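J.: Mind looking over this structure? Questions follow.
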Amino acid sequence: MEKGQTLPVAIAPNEILDIPASSAEVTLTDYRQADVLPQGEYLSPETADPQNTFVCLEFKVKNTSIEEFDTAPLTRARWTGKDGETKQIDHEIGGDCAELGFVKENLLNEPDPRPGEFVRGTTVLMVPDTQPGALEFSDSVEHPMFKIETSRSR
């Protein structure tokens, strides 16, 4: 998925977790990698761990189904490097990309959109920057939805 691209996304039903089947149009409205995230005038910047970089992803999620759309799968991903190394990456709770021009809303805190509704929000992930790779987003039963490429820090 590239910046500005919209993809149809489906979430498979999961009876055990009581998750109904749903679908949405997911747009990657902004994307940026940064080693430091400014946090405003009075707060210290957030700095990525050594050999890592932040990936700021801003999504618009429009529900196209008859059920509420769970946005939680858009806040975690599996990162796989070019050499095959793979890691589970969860949302960086302290990360905020608003000072880089992203929407202030954190996708984790936004309501799940009901049919016909949409939300905008940002997901912040910290990924290794020693090699290029890809973030793969999957639903709650691990069905892949889409990938976003990451690159080495410059």
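The values are calculated or read from the model by the stated rules, or taken from the named source; none is laboratory data. None of the values given here were measured: they were computed from a predicted structure. In this analysis, Cβ positions are derived from the backbone assuming ideal geometry, glycine residues included, and neighbour counts consider all displayed protein chains. Note: accessible area is taken over every heavy atom of the protein model, side chains too, but ligands, DNA and RNA are not part of it. Shrake-Rupley method; radii C 1.70, N 1.55, O 1.52, S 1.80 Å.
J.: Along segment 109-118, what does the Karplus equation 6.51 cos²θ - 1.76 cosθ + 1.60 (θ = phi - 60°) give for ³J(HN,Hα), rounded to whole Hz, x for Gly and Pro?
T.: Computed from phi, the couplings for segment 109-118 are 9, 7, x, 5, x, 7, x, x, 8, 9 Hz.
J.: Determine the dipole magnitude for the chain: charges of +1 sit on the beta-carbon of Lys and Arg, -1 on that of Asp and Glu, nothing else is charged, the reference point is the Cα centre, and the result goes in debye to the nearest 20.
T.: So the dipole magnitude of the chain works out to roughly 480 debye.
J.: If you average the C-alpha positions of segment 1-79 and of segment 104-143 separately, how far apart do those two centres end up, in angstrom?
T.: Taking the Cα centre of each part, segment 1-79 and segment 104-143 sit 1 Å apart.
J.: To the nearest 10 square angstrom, how much accessible area does residue 62 have with a 1.4 angstrom probe?
T.: Its heavy atoms expose roughly 80 Å² to the probe.
J.: Right, next: Calculate, for residue 151 and residue 72, the FRET efficiency according to 1/(1 + (r/R0)^6) with r their C-beta to C-beta distance and R0 35 Å; round to the nearest 0.05. It would help to have the intermediate numbers written out before the result.
T.: Details: r = 26 Å, r/R0 = 0.75.
Using R0 = 35 Å, I get an efficiency of 0.85.
J.: While we're on this one: Computing the accessible area with a 1.4 Å probe over protein heavy atoms, can you report the carbon and sulfur percentage for the chain?
T.: 48 percent
J.: Using modelled amide H (1.01 Å from N, peptide plane; none on Pro or chain starts), what sits under 5 Å from the amide H of residue 139, excluding residues fewer than 5 places away?
T.: 145
J.: For residue 90 and residue 36, compute 0.36 nm times the residue count separating them, minus their Cα-Cα distance, and round to one decimal in nm. Each step should come with its number before you reach the end.
T.: Details: separation 54, 0.36 × 54 = 19.44 nm, distance 1.79 nm.
Once the chain is fully extended between residue 90 and residue 36, it gains 17.7 nm.
J.: I'd like the Karplus ³J(HN,Hα) series for segment 27-38: coefficients 6.51, -1.76, 1.60, θ = phi - 60°, whole numbers in Hz, and an x wherever there's a Gly or Pro.
T.: Values, residue by residue: 10, 7, 7, 7, 8, 7, 9, 8, 7, 9, 10, x Hz.
J.: Can you pull a Stokes-Einstein diffusion coefficient for the chain at 25 °C (0.890 mPa s), Rh from Kirkwood over Cα pairs, as a whole number of µm²/s?
T.: The calculation lands on 154 µm²/s.
J.: Hey, rough spin-label estimate for residue 130 and residue 17, points 7 angstrom out along Cα→Cβ, what's it come to in nanometres?
T.: 3.0 nm
J.: Solvent-accessible area per residue for the chain at a 1.4 Å probe radius, Å²?
T.: 54 Å²
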